[in-house]
Amino acid sequence: MQTAQAPTFIDSKKVAAAFAKGMPLLETAGYKVHASRRVEPGQAEIHTLDTDVIYVVDGSATLVTGGKAIDTKEVGPNEIRGSKIEGGMEHRITKGDAIIIPNGVPHQFTAVTGELHYFVCKPTALAATAQLSQQ
């Protein structure tokens, strides 16, 4: 039987400071939790291992999912970026919305209205597979 890890508590001041800059709150081998901030569109992204579980805290944006990422390049282990997405589905997201983007699915913020704050929890596929094999 595995020993449970201690819970992580992050007080509201640290969470607010993380949203002000857009930064990770916690990163482990099995998952990541980010307080993300966006004020402009971004590149197309593909995470080969991480699923993005997004909850919009404030603001709104246009998010494109699916399709094909163009001009891709690997920017880090299991992280691919591209210039844009062709053939994806456009979603208008706003405060209170939740979005789950499975690993391997291209996605891109193509427009942001004002300032977008969103939590992203990123379970890692490889860690989930390893945990199942240990049970």
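The values are calculated or read from the model by the stated rules, or taken from the named source; none is laboratory data. Small disclaimer: the values here were computed from a predicted structure and weren't measured. With ideal geometry, Cβ positions are generated from the backbone for all residues, glycine too; neighbour counts draw on all protein chains shown. These accessible areas exclude ligands, DNA and RNA; they are computed on the full protein's heavy atoms, side chains included. Shrake-Rupley method; radii C 1.70, N 1.55, O 1.52, S 1.80 Å.
A few points about this structure:
- Any hit, segment 66-73, residues being open to solvent by 70 Å² or more (accessible area, probe 1.4 Å), part of a loop (DSSP other than H, G, I, E, B) and touching a residue at least 12 places away in the same chain (Cβ under 8 Å): yes
- Ala125 being of a type in the set (Gly, Ala, Ser), open to solvent by less than 60 Å² (accessible area, probe 1.4 Å) and farther than 24 Å from Gln5 by Cβ: no
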